[in-house]
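Quick notes on the structure that follows.
The values are calculated or read from the model by the stated rules, or taken from the named source; none is laboratory data. Since this is a predicted model, take the numbers as computed values, not measurements. Don't worry about glycine lacking a Cβ; one is built from the backbone with ideal geometry, like all the others, and counts go over all protein chains shown. Only protein heavy atoms, including side chains, enter the accessible area calculation; ligands, DNA and RNA are left aside. Shrake-Rupley method; radii C 1.70, N 1.55, O 1.52, S 1.80 Å.
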Amino acid sequence: MVPFLDLPAAYAELREELDAAWQRIASTGRAVLGPELDGFEREFAALCGVPHAIGVGSGLDALILLLRGYCIGAGDEVIVPGHTFIATWLAVSHTGATPVPVDVDERTANIDPALVEAAIGPRTRAIIAVHLYGRPADMDPLREIAARRGIKLIEDAAQAHGARLDGARTGSLGDAAAFSFYPGKNLGALGDGGIVVTADDALAERVRLLRSYGSRVKYEHELQGYNSRLDELQAAVLRIKLRRLEDWNARRAAVAARYLAELEGLDDLTLTPPADGDAHAWHLFVVRHPDRDRLGRELGERGVQTISHYPIAIHRTEAYAASHGHIALPVSEQLADEVLSLPMGPHLTDAQQDEVIAAMTAVLEPAAASEPRI
Ligand SMILES: Cc1ncc(COP(=O)(O)O)c(C=O)c1O
């Protein structure tokens, strides 16, 4: 079986450093809000090119705390893409605000800036742009709209650690950004984790309070906060993995380049290469096919593991059907029917990728596959 993602191989590459890190931390007895978190926050902020990073319990929490940091809540609206992981919408809902979905661009699967303006109303406080699959969203027009309308531009960079748009890193492309360190991400912990990054001093200060009971000094509580802190063990793991991020992202890019070259022209298959100037993080390698379910099933029969990100449009899920099911988001709906993610990761071997390409060719060009390709 070619695994969708090989996390044990990542551990094997780093075993000595990781094992040493948790022994060191366990022996100090300092498990929360200690020097590993301070060090990781400094290093991650430096990667993004912004002054502040605040480690929290998950990517969802990073989005919630960021929105609450801007005092967004009941009665407010936040613009979100129709096609994303449900966490983008949930974060808005959990603050008491209303997610207002905007359809995505068919080519990039990211929010379509041309449709954003029409969705802005008097209650709109922010736009969340998601860099879905690792591809930076089209930030220039979004920044212009947000500035002109006096609203915040927030990046959901959960899938885009280390990506760049015209040279600038994700995390520095809007007013503030949220990242996830869920284990399967480009920079993944050995459990849940997330971070908020920003150049906004006041926001950073509020998020720092919110993540730890609204408290700066023990038992003095300035805000009704949460308990959502990236712990010392996860921070230590992430510091070790952060040093590999550029190398591992380059390995992902090489896998993507080979897929793009070798899968081109297969029957009814849509590939979406990055635009000039985008440094895609290739969190996922996503293809589109009108008969996605059959493609996934037949690849599985040939030993290739695939996943669909995401097979049910969010407004059609049980969680949102009652409130948002009536909204038309045709591109998001079509993507939900057609997207399929192929095995991708820094530890995918050439031999495994050969198998994926051979299986794709066999399923989509059965006649051609039985003859040698010229
Ligand atoms: C686009 C997007 N936003 C937010 C999240 C939430 O992150 P987490 O799972 O760490 O809560 C994820 C990942 O799961 C994601 O892919």
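DSSP loop (so not H, G, I, E, B), at most 14 other Cβ within 10 Å: list which trypsin sites (Lys or Arg not before Pro) in region 212-277 pass both filters.
Values: sites: ARG216, LYS218, ARG229, ARG239, LYS241, ARG243, ARG244, ARG251, ARG252, ARG258; in loops: ARG216, LYS218, ARG229, ARG243, ARG244.
Taking region 212-277 and a limit of 14 other Cβ atoms within 10 Å, the loop trypsin sites (Lys or Arg not before Pro) found are ARG216, LYS218, ARG243.
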Problem set entry | Contour excess over end-to-end distance, with Cα ends at GLU13 and ALA118 and 0.36 nm allotted per residue | 32.9 nm
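If you roll a 1.4 Å probe over the chain with all protein chains in place, what percent of the accessible area is carbon or sulfur?
Accessible surface attributable to carbon and sulfur in the chain totals 52 percent.
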Seminar exercise, completed: A correct Stokes-Einstein calculation for region 270-374, using the alpha-carbon Kirkwood radius, 10 °C and 1.306 mPa s, returns a whole-number D in µm² s⁻¹ of 101 µm²/s
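Per DSSP H run of at least 4 residues, take -39500 (n - 2.57); add these up for the chain, divide by its residues and hand me the 222 nm value, nearest 500 deg cm²/dmol. Please list the in-between numbers first.
Working: 13 runs with 153 residues, N = 374.
After summing the helix terms and dividing by the residues of the chain, the value is -12500 deg cm²/dmol.
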For this session: Using Cα positions and a limit of under 29 Å, work out the lysines in reach of LYS152, with same-chain residues fewer than 8 apart set aside.
Result: LYS185
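Where only protein heavy atoms count, and the probe is 1.4 Å, what is the accessible area per residue for region 178-255 in Å²? Write out the running numbers ahead of the final one.
Numbers: 3430 Å² over 78 residues.
That works out to 44 Å² per residue.
Using alpha-carbon pairs under 8 Å, 6+ residues apart, how would you state the relative contact order of the chain in percent?
Numbers: 769 pairs, mean separation 79.4, N = 374.
The normalised contact order for the chain reaches 21 percent.
With every protein chain present, what is the per residue accessible area of region 62-117 (1.4 Å probe, Å²)? All intermediate terms of the calculation are to be shown ahead of the outcome.
Working: 1600 Å² over 56 residues.
With the other protein chains kept in place, region 62-117 gives 29 Å² per residue.
Taking the solvent-accessible surface of protein heavy atoms with a 1.4 Å probe, what is the per residue accessible area of region 10-55 in Å²? If you can, show how the numbers build up before the last one.
Details: 2410 Å² over 46 residues.
Ligands and nucleic acids excluded, the result is 52 Å² per residue.
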Exercise. Amide H to amide H, which residues 5 or more places from GLY162 or on other chains are under 5 Å from it, using H placed in the peptide plane?
Worked result: THR170
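Evaluated at 37 °C with a viscosity of 0.692 mPa s, what Stokes-Einstein diffusion coefficient in µm²/s does region 2-74 have when Rh comes from the Kirkwood expression over alpha-carbon pairs? Please list the in-between numbers first.
Working: Rh = 15.3 Å.
It comes out at roughly 215 µm²/s.
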Exercise. Helix 232-242 versus the longest principal axis of the chain: what is the Cα-based angle in degrees, 0 to 90, to the nearest 10?
Worked result: 50 degrees
Problem set entry | Computed P(r) (all Cα pairs; region 80-191; 10 Å bins; percent) | 15, 49, 31, 5, 0
Exercise. Dividing the alpha-carbon radius of gyration of region 166-264 by 2.2 N^0.38 Å (N being the number of residues), what value is obtained?
Worked result: 1.39
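Normalized C-alpha radius of gyration of the chain, against 2.2 N^0.38 Å? Provide the component values of the computation, followed by the final result.
Details: Rg = 21.0 Å, N = 374, 2.2 N^0.38 = 20.9 Å.
Output field value: 1.01.
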